[in-house]
1. Out of the residues in the range 207-249 that are in a helix (DSSP H, G or I) and more than 16 Å from the chain's Cα centre (by Cα), which is farthest from residue 195 (Cα to Cα)?
2. Filter the range 69-98 down to residues that are in a helix (DSSP H, G or I) and either in contact with a helix residue (DSSP H, G or I) (Cβ under 6 Å, 6 or more places away or on another chain) or free of Cβ contacts under 8 Å to residues at least 40 places away in the same chain (or both), then give me how many there are.
3. Return the total of residues in the range 134-159 being within 19 Å of residue 217 (Cα to Cα) and either more than 15 Å from the chain's Cα centre (by Cα) or in contact (Cβ under 8 Å) with a residue 60 or more places away in the chain (or both).
4. Looking at the structure I just gave you, is residue 164 in contact (Cβ under 8 Å) with a residue 24 or more places away in the chain, within 16 Å of residue 261 (Cα to Cα) and surrounded by 14 or more Cβ atoms within 10 Å (Cβ to Cβ)?
5. Looking at the structure I just gave you, is residue 137 within 22 Å of residue 249 (Cβ to Cβ) and in contact with a helix residue (DSSP H, G or I) (Cβ under 7 Å, 6 or more places away or on another chain)?
6. Would you check which residues across the range 23-52 are in contact (Cβ under 8 Å) with a residue 12 or more places away in the chain and part of a loop (DSSP other than H, G, I, E, B) and list them?
7. Filter the range 99-121 for residues that are outside any loop (DSSP other than H, G, I, E, B) and under 18 Å from the mean Cα position of the chain (by Cα) and give the result.
8. Can you tell which of 19, 55 is surrounded by fewer than 22 Cβ atoms within 10 Å (Cβ to Cβ), closer than 28 Å to residue 178 by Cα and touching a residue at least 24 places away in the same chain (Cβ under 8 Å)?
């Protein structure tokens, strides 16, 4: 099976769940359920791919602190192959406030350093050994793009809530052939997808939360998949990364694109039923059974 090298993305997240976002007035909120643990886009992809039996390695940066130690132990406990360098600024931490509809306000209480003393030889060795590269849109990952250019490997990226014009994303777009993004900030997502394909991308996937997802190939093929709303919604954090992993697993197995989209949608739906970045019941066989139940 093809192997995946995931570049970037681990945080320690504090997640607060409220019925509705607080109004901008002075107030005391007496009941604010919360949980905390490993977060971010690289961890989410790696955890789901590992559950699905797809060989992968995650590279990230962590602080030499209690949060970095927690993340390391959590990922290793879940059988994720992890390589990391130390960030002198400490482990990145987020506070996410969630409402009952799955909306999120995310606050970066600490951030990763933009420039890291990367172990370039080891990173390039992993790039060379891997079949697929996933480049996440974290600042320090930008400095690893020159290493990617040394090897002829397909690069996938996840632009998240890209607005169609933010120059921050340009380097990541240019470095990638396969793109996933969200329509959260894209009312004109169709034209953005068409533009990206017109610029030479092999394929663009756009997720729409509860409204499903769309795919466009360089040959002009459009595929739509609906969201699965019959699963319990506990925490929407990580749903997009779970979709990415489900789709990529199908892609690696050479499934039809429509089947890959169904796997992505199902993997995302399972993820929101868990407080973790993945469903604890997720396996390749379980996913296949759920796809069959929902789409056949």
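All of the numbers you see were taken from the coordinates with simple rules; none came from a lab. Just so you know, these numbers come straight off a predicted model, no measurement behind them. Note that each Cβ is placed from the backbone with ideal geometry, even for glycine, and that neighbours are counted across all protein chains shown.
1. Our first condition is that a residue be in a helix (DSSP H, G or I); within the range 207-249, this holds for 209-211, 239-249.
Pick out the ones that are also more than 16 Å from the chain's Cα centre (by Cα) and you get 210-211.
Values: 210: 24, 211: 22 Å.
So, considering only residues that are in a helix (DSSP H, G or I) and more than 16 Å from the chain's Cα centre (by Cα), the one farthest from residue 195 (Cα to Cα) is 210.
2. Taking the range 69-98 and keeping what is in a helix (DSSP H, G or I), we get 69-77.
If we keep only those that are either in contact with a helix residue (DSSP H, G or I) (Cβ under 6 Å, 6 or more places away or on another chain) or free of Cβ contacts under 8 Å to residues at least 40 places away in the same chain (or both) as well, we get 69, 72-74, 76-77.
The number of residues fulfilling the criteria is 6.
3. Going residue by residue through the range 134-159, those that are within 19 Å of residue 217 (Cα to Cα) are 134, 153-159.
Add one more test, that the residue is either more than 15 Å from the chain's Cα centre (by Cα) or in contact (Cβ under 8 Å) with a residue 60 or more places away in the chain (or both), and what stays is 134, 153-154, 156, 158.
Selection size over the range 134-159: 5.
4. Values: in contact (Cβ under 8 Å) with a residue 24 or more places away in the chain: yes; within 16 Å of residue 261 (Cα to Cα): no; surrounded by 14 or more Cβ atoms within 10 Å (Cβ to Cβ): yes.
Against the criterion (in contact (Cβ under 8 Å) with a residue 24 or more places away in the chain, within 16 Å of residue 261 (Cα to Cα) and surrounded by 14 or more Cβ atoms within 10 Å (Cβ to Cβ)), residue 164 does not qualify.
5. On the way: within 22 Å of residue 249 (Cβ to Cβ): yes; in contact with a helix residue (DSSP H, G or I) (Cβ under 7 Å, 6 or more places away or on another chain): yes.
Judged against the criteria, residue 137 is a match.
6. Keep residues of the range 23-52 that are in contact (Cβ under 8 Å) with a residue 12 or more places away in the chain, which gives 32-52.
Of everything in the range 23-52, those that are in contact (Cβ under 8 Å) with a residue 12 or more places away in the chain and part of a loop (DSSP other than H, G, I, E, B) turn out to be 32, 33, 40, 52.
7. Within the range 99-121, the first condition is being outside any loop (DSSP other than H, G, I, E, B), and the residues that meet it are 104-110, 120-121.
Within the range 99-121, 104, 105, 106, 107, 108 qualify.
8. Numbers: 19 fails: closer than 28 Å to residue 178 by Cα.
Residue meeting the stated conditions: 55.
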